[in-house]
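Written out below as C-alpha cells is the structure these notes cover.
The values are calculated or read from the model by the stated rules, or taken from the named source; none is laboratory data. Bear in mind the structure is a predicted one, so any value in this text is a computation, not a measurement. Because the Cβ atoms are built from the backbone with ideal geometry, glycine has one as well, and the counts that use them run over all protein chains shown. Side chains included, ligands, DNA and RNA excluded: accessible areas come from the protein's heavy atoms. Shrake-Rupley method; radii C 1.70, N 1.55, O 1.52, S 1.80 Å.
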Amino acid sequence: MLKKNDEVILEITGMTNEGNGVGRYEGIAVFVAGSAVGDVLACRIVKVSKNYCYGIINRIITPSEHRIRDNCPVSKTCGGCCFRHISYRQECLVKEQFIRDSFERIGKLRPQYDSFVGSENISHYRNKAQYPLGLRDGRAVCGFYAKRSHRVCPLYDCELQPDIFGEIVGYVMNFIEKKGISPYDEITGNGLLRHIYLRRGEHSGEIMLCLVVTSLKKAACFEDLYSGITQKFEDIKSIVLNENPERTNVILGKRTATVFGSDTIKDIMCSNTVVISPQSFYQVNTLQAEKLYAIAKEYAAPDKDTTLLDLYCGAGTIGLSMFKDVRKLIGVEIIPQAIENAKLNARLNGADNAEFICGDAGKIAQILYDRGERPDVIIADPARKGCDRQSLEYMAKMQPERIVMISCNHATAARDCAILGELGYKTDKVRGVDLFPRTAHVECVVLMRRKTL
C-alpha cells in the first residue's frame, strides 16, 4: 500500500473532469494536478484513500509533448485554469473526450458526435468577473479564491478577463484604501465591501460596475468614487450597489440600488439587442455563445409553422435568436429579474410572437401541457444540476418532434438524455463547444428526436 509522502514514478495516461492527470501505480489510480497526458513524473503522495491517491509533482522526468509554458503567476494557487500548462489543441481533445465518456458511460448512449468547436480566442474572453475581497496582514486584498477555499489570491489582471477589468478593480481598491473602507471578513462577518462585480457587453463595450456591500446605508462612503471612475473609464454606463448582509457564500443579495447611469447595460447577441442586469444569466463568452446558439438553431430546424418552447430561458437570448424563424416562442425561467429582461429584450427586438413566463420549469411545463400547448421543438438550457424529473416527463408528454439540450455539465446532460430515452426520445447528435478555454468547463449541444413506432 502507498503511504503519505511516498515518492513514486508515474506515467500520466488520462485526465479527470476536474483537469487532474491520472496514472496508475501498482494498480492504484493516482491523481496529479498540473500534469499532462504523456508526462513521466516523480510524484509525492499527499493523500491516500482505499482505491486511489493524490500526488503532487516533485519533478518532471519526461515532459509530455503537449506541455507549454504557464504564463499565469497564480494559476497553481487559484486553480481556475487547470489546462494552462497544455496546448489548446490538446485541451479541446481532452474536453471532447470528457463529453464522449459521459454520454457513453453515464448515459449508455451512442450518439453521433459532430466536430468539436474550439475558441479562436483563449484569453481575455470573459464578459463577467466577480472579485471577492479579503484581508491579508491587515490590508484589503482582491482577486480570486484559491481552489477549494475562500482564501483570496490577490490578482487584478486575470488572463481570462478583459484588461479594463483589472484597471477598474485597481481604481476601486486604491479608493477604498485611501478612504479606509473595510473589506468583508467572512470569519467575523465584519466589513463593508464583499465583491467587486463587473459585466461588459462584448459588442457594445458597455460596462456595469456592481459593488456588493453588507449595508446600503453604510455605502454612502462610495459617493466620491462615482464621478472619478466614470470619467476615467467612459465605458462604465451603470454603477449599482447590491446589499448582501447574510453570512453566506451566495454573492448577490436581494436589494439593488442604481447610483450612476442605467439599471442595465446593453449588448448585441445573435443580432438582437439584449439588456443585462446584475442578476441576468448571460453566457460569459459572447462570441462562442453565438456559435453555440447557431448550433442549437441548426439542430432545432425551426420554420414558420414551429412553436418553440425555451425552458430555463434566462434573459431569453436563445429563444430570441430564433424568433424570426418560428410561429410562436414561449420562454420559461424561475428568476423574476431574468424574465423581466427577457420581456424587455422581446420588445426591443420586435418579437411580438414571444411569451415569457416566470416559474419553475417543471411546474410551468405541466401548466402548458394542461392548457394544450404542443410545441414542435423544445430547447432546454438547465443549470449545472440538470433538469428535474417533472420537467423531463412533461417535455416528453408534449411530444415535440425534437428536443435540443444545451448544457454546461455533460454528466447531467447524459443522465437527462438517458431518462428522455426511456420516455421516447433518441439521442441523435452531440456537439461540444468550448466557452471556457483553459478551465475544466465545457458546453455541449444535444439533438434528441422522438422515436417512431
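Data for the structure
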quantity	calculated
Taking the chain and dividing mean pair separation by its residue count, relative contact order in percent (alpha carbons under 8 Å, at least six apart)	12 percent
Label zone at residue 287 (point 7 Å along Cα-to-Cβ), backbone N below 15 Å, segment 123-144	123-128
Residue-by-residue Karplus 3J(HN,Hα) for segment 245-257, coefficients 6.51, -1.76, 1.60, Hz, glycine and proline x	x, 7, 7, 8, 8, 5, 6, 8, x, 8, 9, 9, 10
Probe 1.4 Å, protein heavy atoms only - accessible area per residue of the chain in square angstrom	45 Å²
Whole-Hz ³J(HN,Hα) from phi, Karplus 6.51 cos²θ - 1.76 cosθ + 1.60, for segment 318-334, glycine and proline x	5, x, 5, 5, 10, 4, 6, 9, 10, 6, 8, 10, 10, x, 10, 7, 7
Distance between modelled label sites at residue 59 and residue 217, nm, 7 Å Cα→Cβ extension	6.3 nm
Sites residue 227 and residue 251, calculated FRET efficiency, Cβ-Cβ separation with R0 22 Å, nearest 0.05	0.25
Entry for Cα Rg over 2.2 N^0.38 Å (calculated from the structure that is shown) out of (i) 1.25; (ii) 1.05; (iii) 1.48	(ii)
Residue-count net charge about residue 415 - beta-carbon cut-off 14 Å; Lys, Arg +1, Asp, Glu -1	0
Residue-span extension gain [residue 235 to residue 105] - 0.36 nm each, minus C-alpha spacing	42.1 nm
Amide N proximity, segment 341-364 versus residue 271 label position 7 Å along Cα-to-Cβ, cut-off under 19 Å	345-354
GluC sites (Glu not before Pro) within segment 95-173: DSSP coil, no more than 13 neighbouring Cβ in 10 Å	120
Flagged links, alpha-carbon separation over 25 Å, of 95/291; 237/343; 343/426; 218/254; 147/179; 266/297	343/426; 147/179
Relative contact order of segment 1-142, defined on C-alpha pairs under 8 angstrom at six or more residues apart (%)	16 percent
Segment residue 324-residue 263, length gained on full extension (0.36 nm per residue, minus Cα span)	19.2 nm
Rounded percent of accessible protein surface that carbon and sulfur make up, the chain, 1.4 Å probe	48 percent
Unit charges on C-beta of K, R, D, E only; dipole of the chain, Debye	1000 debye
